[in-house]
Amino acid sequence: MAKRRRPTVAEPTVGDIVIEGLKQMVALEQGKPYGEYRIHAVALTAADSKIAEAPEYSYQRIAKLRARMKLSQPLFAQALNVSPETVRAWEQGKRHPDGAALRLLQVTEQQPELLLSMVKERTVRPYKARKTKR
């Protein structure tokens, strides 16, 4: 009696694998699920990317930013994690922000709600009139 041969499953060719990958990519771009796929995030490096420099901030620009946010100098300074004297010197043109302060001012200017979300308002107690003796 002759042995039965099992049908062999052909190994996928390189072309089959590439076509399958392309089908998955098209489905992914269209937002449709297609088979199993994994997405790997690749870290950006200095060799691949360039970061734009933070803009310069004049004393007028800093004062306008703070005024637009309706914050006092001490509160603005506290939110930026700098001293009130630093903010005062910036707004008087005696000093100019540099380094991380420039980037922080840029982020604050572009998204003021981020900085404002760190400012907690105090609960104001209602005013009670005192009784005076007559």
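Potential lengthening of the chain between Tyr34 and Arg88 amounts to 13.6 nm, from the contour at 0.36 nm per residue minus the alpha-carbon distance.
With every protein chain in place and a 1.4 angstrom probe, the accessible-area ranking of Met118, Met69, largest first, reads Met118, Met69.
Using the Cβ-Cβ distance between Leu102 and Leu75 with R0 set to 25 Å, the FRET efficiency works out to roughly 0.80.
Just to confirm, what accessible area per residue do you get for region 1-95 at 1.4 Å probe, in whole Å²?
Numbers: 8410 Å² over 95 residues.
Accessible surface, normalised per residue, equals 88 Å².
Against the chain, whose longest principal axis is taken from its Cα atoms, helix 59-69 shows a tilt of about 80°.
Rounded to the nearest 10 degrees, the inclination of helix 14-29 to the longest alpha-carbon principal axis of the chain is 30 degrees.
The values are calculated or read from the model by the stated rules, or taken from the named source; none is laboratory data. Fair warning: this is a prediction, and the values are worked out from it, not measured in the lab. Cβ coordinates were reconstructed from backbone atoms using ideal geometry, including for glycine residues, and neighbour counts include every protein chain displayed. Surface accessibility is based on the protein's heavy atoms, side chains included, excluding ligands, DNA and RNA. Shrake-Rupley method; radii C 1.70, N 1.55, O 1.52, S 1.80 Å.
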